[in-house]
Amino acid sequence: MFSSMVAGRVRAMVGGVVMLSMTLAVSAIPASAQLKGSGSTVSVAQRRALLAAICDKGVDGQKCAECPSYSFPGDSGFPSSVGPYRLGSFITPKATEAYVALTGCDSKPAGFTGGVLLRMVKGKWKVLRYDSAVDISNCLSFPYQTGTTVLVCTGGGGGQGFYIESVYALYTGPTKTLPKSILSVQSNESACRPTIDEMSFRSWRRVDANGDKKLDLELRVDESHAAAKADDCEGSAPGKVVTHTIAFLFDGQRFTVSPKAKATAMCLDIEDLGGVSPTTYCPTVG
């Protein structure tokens, strides 16, 4: 969620949400790398102070010399890194808080990743907790009705010819962070079973989609279907790409798909389809 790895079509779930972080298949449709997140501007001095607070076993350049004592106790074997750094009020309104991605200091089932939540207390950063398997490396921020910040993030991963991408909201509470899936799509571009069905996020943005003066989430999703050659995936002709624009309306508490895009979202979302991708084109947004 936080992220986790997928083996074949078996998806690790956290709170009913697909947690993904790996990048695998190369597809004719752009992958989730197209979704570029945003974050608060963090000065060099702020970054140094945050890094010092996070790395309780010492700092090595722009990362921890060793994984912090509160993270995964073993050696993940995955390169470690710290960041992006996100400033906001994640738990308490008007508080100066930070949510920082920590990679390479967690287990394989957790996708090697987590998030460190900190608060400024009397001029110094204090670690509040570590959220295992929470992937906040690529996110957009939205103002919650209580005056706190909700992150909407994306991740992707898979195996055995299947690739899943997910967009999800993170609701950060006093004791834990709760993930909520917004949309998850799947491609089987490398599986050839028996058609090549590709669904992938092209872009996202914050926009007032319904004129209520609140920021909503707009996702653009590419969809393509093509017949696969029996023994040669790469030799198959690419299918026509249809791009769907889907608005998820945010009322300050939750994201709800717009009525005119509901049929399209339900068709594309593997959660609604029980983990199976559509094999024919979904209806366009009316």
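Computed from the coordinates by the stated procedures, all read-outs in this text should not be read as laboratory data. These figures come from a predicted structure and were not determined experimentally. Glycine gets a Cβ as well: all are built from the backbone with ideal geometry, and neighbour counts include every protein chain shown.
Eigenvalues of the Cα gyration tensor times 5, then square-rooted: what semi-axes does that give for the range 41-180, in whole angstrom, largest first?
23, 21, 12
If I take R0 = 51 Å and measure r between the Cβ atoms of V285 and S69 in this structure, what FRET efficiency does the formula 1/(1 + (r/R0)^6) give, to the nearest 0.05?
The calculated FRET efficiency here is 0.55.
Listing S71, S200 from the residue with the fewest other Cβ atoms within 10 Å to the one with the most, what is the order?
In increasing order of surrounding Cβ atoms, one gets S71, S200.
Could I have the simple spin-label model distance between R205 and R48, label points 7 Å from Cα toward Cβ, reported in nm to one decimal?
Going by the 7 Å Cα→Cβ label model, 3.8 nm.
Which peptide among 168-176, 61-69 comes first, and what is the full order, when sorted by highest mean count of other Cβ atoms within 10 Å?
168-176, 61-69
I need the shape label for the range 148-263. Rule: rounded when a/c is under 1.5, else prolate if a/b > b/c, else oblate, with a, b, c from the alpha carbon gyration tensor.
The shape class here is oblate.
Which FRET efficiency, nearest 0.05, do R129 and K240 yield, Cβ-Cβ r, R0 41 Å?
Once the sixth-power term is evaluated, E becomes 0.30.
Neighbouring Cβ atoms within 10 Å as the yardstick, rank S277, S187 fewest first.
Lowest count first: S277, S187.
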